[in-house]
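Have a look at the structure below, then the notes.
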Amino acid sequence: MISNRAKELSSSQTLKITAKAKELARQGVSVISLSAGEPDFKTAPHICNAAIEAITEGFHGYTMNTGMPELREAVAAKLKRENKLDYQPYEIILSNGAKQSIGFALLATINPKDEVLIPAPYWVSYPEMVKMADGTPVTIKTTFANNYKLTPKQLKESITRKTKGLILCSPSNPTGACYTKNELKELADVLSEHPDIIIFSDEIYEYITFEGDHVSILNVAPALKDRTILVNGFSKGFAMTGWRLGYAAGPKPVIDAIAKIQSQETSAPSSISQKAGIAAYTGSMKQVSDMRQAFKERRNFLVNELRSIEGVDCFVPSGAFYIFPDISRFLGKKTPDGDKIKTSTDLCIYLLEKHGLATVPGDAFGEPGGLRISYAASMENLKEGMIRLKNGLSSLS
Ligand SMILES: Cc1ncc(COP(=O)(O)O)c(C=O)c1O
């Protein structure tokens, strides 16, 4: 009964750990969860009020398939004001989250067997989305020494005649690394020699950067604009994960193709969320900067804690709310019960079952030597989490 397409998809490994953590918590076990992919903050009141107003005023119908004109205008104005990028409203499409924007952008551009380059560690959904578009995901292993960032040499060596796309994610989930202007320029120089490659630039963590403002590849290489699909949304920066609102900005033919797919699959995002989106992009940014400050303090705390653990190595992530230490030196060790920790998944399950700490294994992101720790959690939980991590790791032999 099940299609080959569905059979070939992997289900999310992140969800496996989350489900286990939830089950343990349900049984009354104390679990500190540092596995969340969403801010531990609530959406700002002025955004919520815009949505409440939309409901009470009866704004209940379908909107235009591409999103409300006012919101497309607000996104264009935001891209100009904050990112110094020129887009017309018709070059923007709103979707049910950045996830859908990326998925539909791939469906709109990738043909069977086209290769899409994905630097690893990567966000879990990229390879599966490429497969759903009948493309071939080609992962490029990056190194801890280079903060898991793609180098121009690696990019150059990975390009073949079949390469149709490159997915860039900065700030990165799962590593928190951000590409610098220079690094993006060097990648852009390689791409400029390959005019058929489409760049999917996932900038969903744009507002969570700690060392200066966010940089998009289009800021350093405007010439790539006619083959770049910029993806962003409201989930992370405004703590609006459940509202399901994101967008793609790109060349009109691509946006039109995405609109066609969207019109047959999901119509438009929620009218209520779109009103909230307008409030987010036209209102106060105080909560955004307060969250950024809180994340920065937590990041600094975690870097110090992790670096104090023997055998753990980590670099200072400059964005998002994740830290991705190298835990490879613990692979091959044994638990006090005599079980061998063969993989980062084994390590995560051990930390969860024996020490009540939920994290996400690097395996889920295509990097076996890592562990993703989310600091979208209170300082109190982070402190307790680090105690549990230290206990867990020091018990291995
Ligand atoms: C790198 C990355 N891109 C996209 C998304 C999807 O965001 P949205 O909630 O807008 O669909 C996420 C969410 O976890 C993410 O981490």
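When you look at PHE315, is it of a type in the set (Phe, Trp, Tyr), assigned to a loop (DSSP other than H, G, I, E, B) and within 24 Å of the chain's Cα centre (by Cα), yes or no? The answer is yes for PHE315. The residues on offer are LEU352, LEU347, and the sole one that is buried (at least 17 other Cβ atoms within 10 Å of the Cβ), touching a residue at least 60 places away in the same chain (Cβ under 8 Å) and assigned by TED's automatic domain parsing to the domain that holds THR14 is LEU352. Taking the stated definitions as given, is ALA133 among the aliphatic types (A, V, I, L, M) and either touching a residue at least 60 places away in the same chain (Cβ under 8 Å) or under 30 Å from SER328 (Cβ atoms) (or both)? So ALA133 fails the test. Among the residues making up the range 193-224, those that are away from the ligand (no atom under 11 Å from the Cβ), touching a residue at least 40 places away in the same chain (Cβ under 8 Å), outside any loop (DSSP other than H, G, I, E, B) and not aliphatic (A, V, I, L, M) are THR209, ASN219. Residue count for the range 323-343 under the criterion of being in contact with a strand residue (DSSP E or B) (Cβ under 6 Å, 6 or more places away or on another chain) and of a type in the set (A, V, I, L, M): the result is 2.
Considering the range 1-78, the qualifying helices (runs of 4 or more DSSP H), each wholly inside and each with 3 or more residues that are in contact (Cβ under 8 Å) with a residue 60 or more places away in the chain and at negative phi, run over 13-26, 45-56. Evaluated against (1) away from the ligand (no atom under 11 Å from the Cβ); (2) surrounded by 19 or more Cβ atoms within 10 Å (Cβ to Cβ), SER235 falls short on exactly one condition, (1).
Being out of contact with any Asp or Glu (no Cβ under 9 Å at 6 or more places or on another chain), in contact (Cβ under 8 Å) with a residue 24 or more places away in the chain and not assigned by TED's automatic domain parsing to the domain that holds PHE315: is that true of ASN147 here? Considered against the rule, which asks whether it is out of contact with any Asp or Glu (no Cβ under 9 Å at 6 or more places or on another chain), in contact (Cβ under 8 Å) with a residue 24 or more places away in the chain and not assigned by TED's automatic domain parsing to the domain that holds PHE315, ASN147 comes out as yes. Of the strands (runs of 3 or more DSSP E) lying entirely inside the range 114-183, the ones with 3 or more residues being within 16 Å of the ligand (Cβ to nearest atom) are found at 115-120, 163-169.
Here GLY277, GLY283 are screened, and the one residue that is within 16 Å of the ligand (Cβ to nearest atom), in contact (Cβ under 8 Å) with a residue 24 or more places away in the chain and surrounded by 15 or more Cβ atoms within 10 Å (Cβ to Cβ) is GLY277.
Answer yes if at least one residue in the range 22-35 is more than 22 Å from TRP123 (Cα to Cα), surrounded by fewer than 18 Cβ atoms within 10 Å (Cβ to Cβ), assigned by TED's automatic domain parsing to the domain that holds ASP226 and more than 24 Å from the chain's Cα centre (by Cα), and no otherwise. No: the range 22-35 contains no residue that is more than 22 Å from TRP123 (Cα to Cα), surrounded by fewer than 18 Cβ atoms within 10 Å (Cβ to Cβ), assigned by TED's automatic domain parsing to the domain that holds ASP226 and more than 24 Å from the chain's Cα centre (by Cα). Cβ-Cβ contacts under 9 Å between residues 6 or more apart (or on different chains), taken from a first residue in the range 82-104 that is without any contact (Cβ under 8 Å) to a residue 60 or more places away in the chain and under 17 Å from ALA280 (Cβ atoms) to a second residue that is part of a loop (DSSP other than H, G, I, E, B) and within 12 Å of the ligand (Cβ to nearest atom), are listed as GLU82/GLU206.
Residues that are in a helix (DSSP H, G or I), in contact (Cβ under 8 Å) with a residue 24 or more places away in the chain and within 30 Å of PRO45 (Cβ to Cβ) do occur in the range 228-242. Scanning the range 104-113 for residues that are surrounded by fewer than 23 Cβ atoms within 10 Å (Cβ to Cβ) and either within 13 Å of the ligand (Cβ to nearest atom) or on the phi > 0 side of the Ramachandran plot (or both) yields a total of 1.
The values are calculated or read from the model by the stated rules, or taken from the named source; none is laboratory data. The structure displayed is predicted, hence computed values, not measured ones. A quick note on method: Cβ atoms are made from the backbone with ideal geometry, for glycine too, and the neighbour counts reach across all protein chains shown.
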